[in-house]
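Okay, structure first, notes after.
The values are calculated or read from the model by the stated rules, or taken from the named source; none is laboratory data. Since we're looking at a predicted model, the values are computed, not measured. Counting neighbours? That spans all protein chains shown, and the Cβs are built from the backbone with ideal geometry, glycine included.
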């Protein structure tokens, strides 16, 4: 079912079109002149607007131009009983989706509306996709702890300095890495992410540096590693504290010489890559017990950035709550929900061992399970 506005100064024509389209289960509004039509069109989100050309007060072509200036999403179909081919061409050139000559042919009307609805749906989907693609990442919060992180990102982002990001799981280390890359001169080149904890120790060197054909049993073809794929951009070594000592030695050499060699190969390959690393471990303690190389630690931590846990910045919970409610309801395509102030206070009292990741999941759960608004009882029951 589509929402359609019919603008025509002839009541009989309006009623005739309305009856046809209501029979097809569409929701129809009417307007008897261009001014009323314009007012309704900008106040309501119509899928299609059917508009006569010859009308008092504001004719159809003037109305078309005014509506296009307002950037409405509706597909506009022009109609006229005095039309010629030139009239039709002129209307389409000015931005109309289609042109119908009066008396309106029923089949032509229904086909035109169906095609217009398909076009409107595609335009809406395209806008949503572009919005998702172009949406810049951001850190939400105004606490002293998070402002310190933001300030460091602003200062360090535009440089090529290596950064070691520390913080507990779910605190937002990956987000910091993305922002550092986004603010650098390398932002148009790749950001390659490697989760060192998720790759088996026997495969990490091949993953990072690539391999030559036949270098081991399953190496059936030459393969580039993550360092080569990140050429000109940034490589993000997440959970680097879980990397094997042999891989650490090769990463150290790559940082010292800006060169790598694929597994099973002798050829040295020059690289131009910025390295950002992250860990939830205390690397100083890992160094003491022999699990991490001290020389690599100093190479990586030119600029250390510690991301605070959510419990270290509970004053950010109100703004984070509103942010995630808006974000998640948009993703779900539902109306934005309100949350009671005492419900927000209750969220501030809870422990958040999973940090921002856990907090977002809880807000999503509350949105799904609550009624019109999120109450204190909802938080006590579902959070």
(message) What's the total number of residues in the stretch 327-383 that are in a helix (DSSP H, G or I) and under 25 Å from the mean Cα position of the chain (by Cα)?
(response) 21
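Of everything in the stretch 255-282, what is buried (at least 21 other Cβ atoms within 10 Å of the Cβ) and free of Cβ contacts under 8 Å to residues at least 60 places away in the same chain? Give them in sequence order.
Result: 260, 262, 273.
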(message) What's the total number of residues in the stretch 33-53 that are in contact with a helix residue (DSSP H, G or I) (Cβ under 9 Å, 6 or more places away or on another chain) and buried (at least 17 other Cβ atoms within 10 Å of the Cβ)?
(response) 12
(request) Please work out if residue 258 is assigned by TED's automatic domain parsing to the domain that holds residue 169 and modelled with pLDDT of 95 or more. (result) no
(message) Out of 304, 308, 318, I need the residue that is in a helix (DSSP H, G or I) and at pLDDT 95 or above. Which one?
(response) 318
(request) Looking only at the stretch 223-246, count how many residues are more than 23 Å from residue 284 (Cβ to Cβ) and not in a helix (DSSP H, G or I). (result) 9
(request) Sort through 119, 127 and tell me the only one that's surrounded by 13 or more Cβ atoms within 10 Å (Cβ to Cβ), at pLDDT below 90 and either on the phi > 0 side of the Ramachandran plot or not assigned by TED's automatic domain parsing to the domain that holds residue 273 (or both). (result) 119
(request) Among the residues of the stretch 179-222, write down those that are over 21 Å from residue 269 (Cβ atoms), surrounded by 18 or more Cβ atoms within 10 Å (Cβ to Cβ) and under 19 Å from the mean Cα position of the chain (by Cα). (result) 179, 180, 181
(request) State all residues of the stretch 102-116 that are buried (at least 16 other Cβ atoms within 10 Å of the Cβ) and within 23 Å of residue 68 (Cα to Cα); if no residue qualifies, say none. (result) 109, 112, 113, 116
(message) Of the residues 278, 249, only one is outside any strand (DSSP E or B) and either in the same structural domain as residue 304 (by TED's automatic domain parsing) or modelled with pLDDT of 95 or more (or both); which?
(response) 249
(request) State all residues of the stretch 354-383 that are free of Cβ contacts under 8 Å to residues at least 40 places away in the same chain and within 21 Å of residue 175 (Cα to Cα); if no residue qualifies, say none. (result) 360, 361, 362
